[in-house]
Amino acid sequence: MPVLTIAACSDNNTAAGTSDGGKKGNPVTLKIELFDRGNTPPGAPPLTESWFVKYMQEKFGDPNNIKLEFVSVPRTEEVPKLNVLMAANEAPDIIFTYSDPAVQNWVKQGGLTDLGDLLNQHGPNLKKYLGDQLLNYGVINGKQYTIPAKRIILASSTPIIRKDWLDKLGMQPPKTTDEFYSVLKAFKEKDPGGTGGKVIPYGIRYNNNLDPLVRTFWKKMSEEEYYTLPDWMKPGNKDGYKFLNKLYNEGLISPDFALDKDGKKFQADLVNGQIGFAITNTNEPVYQAYYSTLQKNVPAATLLPVDPFTNYEGKHVKQIYHPLSAHIMIPKASKRAVEAIKWLDWMSDYKVIFDLQNGTEGVTYKKGDDGIPIFLDTDEAKKIMYNYLDYSMMINGKDMGDPEKTLKANAADPKYKDFTMDSIKVGDTDGQLPARFNRPIEAQIKYNQTLSDKGVEITVKTMTAKPADFDKLYDDMVAEYMKIGGKEVQDEMLKAYQEMKKK
């Protein structure tokens with residue numbers, strides 16, 4: 001994979017921070033970002049007071065005279081929130097994001113600590129665990145500005161359907177886009193879930209879970225076009241949105257998706273048994289307890305991973321991930337860089353990884369015959385384990401240190417093991433990696449928020465427009481998108497692509 005390179009505004013990002021921790025003096029405070037996904041179960045402690053927080057304080061904080069303080073940031077607003085905190089020099093000592101443009105922007109502004117010497121001095125276990133290849137994803141202009149978290153499962157998204165609804169209607173799981181449409185129509189007209197008119201055949205949330213459908217409408221294109229054209233201009237993308245417009249106007253899509261900015265309405269509709277089909281992150285229904293909550297509310301409900309969308313080649317293309325997950329960073333303003341690296345180094349031990357990903361034996365899991373932990377299906381366990389992956393932030397997915405055991409561990413809940421394995425298989429099928437350049441795209445940094453906001457506007461307005469207005473509206477809005485920065489991004493991506501090909 002190419003190493004990201006960028007010219008930073010400041011070259012004096014030396015190993016910041018001093019270690020005041022240890023046995024002497026008052027404890028120092030290490031502040032750590034934590035996603036708030038809005039899914040805390042009733043009766044569970046707040047995210048910042050969870051079992052995981054207490055475990056880390058006891059096992060790492062207390063012995064090192066460090067008080068760990070977690071700062072929750074709404075998952076759906078993380079980059080804007082972090083931008084504000086970074087600008088005010090008030091960001092936590094450890095921050096993380098999935099947004100490459102955000103990382104590039106903070107580097108350009110001189111806002112991140114160079115972690116190279118810190119890793120050499122205080123992160124031997126961390127370096128060994130991640131390895132040089134993965135760490136290279138965080139090298140910018142020859143300096144280690146981020147620690148790329150390890151992604152265990154590369155599958156990104158998986159379509160799921162209510163199998164009990166299909167069975168009730170005597171229908172087979174859809175294998176083509178046409179069959180998918182027929183199933184949605186049947187869900188709408190016959191309401192097999194008995195929702196009393198509240199049925200949502202295809203549940204979507206604000207600006208999300210559309211990719212596997214839209215992507216299969218893309219027509220043949222060159223690698224250069226794939227790398228450099230904005231999705232809005234990729235051949236066939238307009239057809240994908242025209243299909244979504246058709247579904248919306250026929251009442252087959254969540255009617256209020258445009259208002260569901262935090263995804264809570266989508267979650268509620270899904271677990272209350274009103275959604276027939278959806279696309280989620282590959283293992284999201286299990287680790288965010290959608291499936292178990294759905295079955296608690298609707299005992300007969302069963303979810304089935306399906307792969308219905310087909311492209312011009314008959315393939316079920318969908319985007320997958322690069323092997324890095326989030327970028328973990330230490331702001332330049334932090335005075336706790338040493339403590340931060342020590343904490344991450346401590347987290348690189350497999351005993352710690354195991355505990356952070358499984359909890360307490362007999363309370364949240366039991367060990368199977370093969371030694372792989374199996375989650376306990378109890379309310380107590382769910383109140384502890386919700387969002388467990390966000391606390392072991394260096395790993396996205398479960399890691400057992402062995403490929404075969406790791407795959408089994410990611411299907412650790414025996415009740416949903418087959419669902420999880422099928423979901424990973426579907427999510428991997430015909431996967432396409434997103435374009436990645438060997439240098440940052442300056443125009444993308446400059447226009448990232450503007451173009452992101454415009455993209456949301458295009459999605460909402462084109463999907464909800466009257467069918468007769470769709471073509472002109474799509475063309476006009478995409479032209480505006482290109483005018484306000486999209487063309488500059490495209491031109492720079494083309495230049496970067498051509499430079500990569502010459503090497």
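Figures for the structure shown
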quantity: Checklist (1) open to solvent by 20 Å² or more (accessible area, probe 1.4 Å); (2) over 23 Å from P101 (Cα atoms); (3) in a helix (DSSP H, G or I) applied to G401, failing item; calculated: (3)
quantity: Residue count, the stretch 196-210 (criterion: surrounded by fewer than 17 Cβ atoms within 10 Å (Cβ to Cβ) and either touching a residue at least 60 places away in the same chain (Cβ under 8 Å) or of a type in the set (D, E, K, R) (or both)); calculated: 1
quantity: Residue that is nearest to V352 (Cα to Cα), among those in the stretch 110-134 that are open to solvent by less than 10 Å² (accessible area, probe 1.4 Å) and not in a loop (DSSP other than H, G, I, E, B); calculated: L126
quantity: Residues that are among the aromatic types (F, W, Y) and in contact with a strand residue (DSSP E or B) (Cβ under 9 Å, 6 or more places away or on another chain), drawn from the stretch 172-196; calculated: F180, F187
quantity: Criterion (loosely packed, with under 14 Cβ neighbours inside 10 Å, more than 24 Å from the chain's Cα centre (by Cα) and part of a helix (DSSP H, G or I)) met by exactly one of K483, K461; calculated: K483
quantity: Top-ranked residue of the stretch 20-35 - restricted to ones that are touching an Asp or Glu at 6+ places or on another chain (Cβ under 9 Å) and in a loop (DSSP other than H, G, I, E, B), ranked as modelled with the highest pLDDT; calculated: P27
quantity: Residue check, Y391 out of contact with any strand residue (DSSP E or B) (no Cβ under 6 Å at 6 or more places or on another chain) and over 21 Å from K367 (Cα atoms); calculated: yes
quantity: Selected residue (only one of P174, P201 is under 22 Å from V426 (Cβ atoms), in a strand (DSSP E or B) and in contact with a helix residue (DSSP H, G or I) (Cβ under 6 Å, 6 or more places away or on another chain)); calculated: P201
quantity: Candidate set from the stretch 230-264 (those that are in contact with a Lys or Arg (Cβ under 8 Å, 6 or more places away or on another chain) and of a type in the set (G, A, S)); member that is nearest to G455 (Cα to Cα); calculated: G240
quantity: Residue among A149, A186 that alone is among the small types (G, A, S), assigned to a helix (DSSP H, G or I), open to solvent by less than 20 Å² (accessible area, probe 1.4 Å) and under 30 Å from V317 (Cα atoms); calculated: A186
quantity: Selected residue (only one of Y206, Y227 is part of a loop (DSSP other than H, G, I, E, B) and within 18 Å of L451 (Cβ to Cβ)); calculated: Y206
quantity: The stretch 414-458, residues that are buried (at least 17 other Cβ atoms within 10 Å of the Cβ), among the β-branched types (V, I, T) and under 18 Å from the mean Cα position of the chain (by Cα); calculated: T420, I424, V426
quantity: Enumeration of residues in the stretch 36-49 that are modelled with pLDDT of 90 or more and open to solvent by 80 Å² or more (accessible area, probe 1.4 Å); calculated: E49
quantity: Qualifying position, being open to solvent by 30 Å² or more (accessible area, probe 1.4 Å), among the hydroxyl-bearing types (S, T, Y), touching a residue at least 12 places away in the same chain (Cβ under 8 Å) and out of contact with any Phe, Trp or Tyr (no Cβ under 6 Å at 6 or more places or on another chain), among Y227, Y241, Y248; calculated: Y248
quantity: Cross-chain or 6+ apart pairs with Cβ under 6 Å, the stretch 438-466 first and within 15 Å of A479 (Cα to Cα), then of a type in the set (S, T, Y) and open to solvent by less than 40 Å² (accessible area, probe 1.4 Å); calculated: K454/Y481; T462/Y241; T462/Y474
quantity: Test: residue in the stretch 86-94 that is among the acidic types (D, E) and crowded, with 20+ Cβ neighbours inside 10 Å; calculated: yes
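The values are calculated or read from the model by the stated rules, or taken from the named source; none is laboratory data. Values in this document were obtained by computation on a predicted structure and should not be read as measured data. As a convention, Cβ positions derive from the backbone with ideal geometry for all residues, glycine included, and neighbour counts pool all protein chains shown. Ligands, DNA and RNA are excluded from the accessible area calculation, which covers all protein heavy atoms including side chains. Shrake-Rupley method; radii C 1.70, N 1.55, O 1.52, S 1.80 Å.
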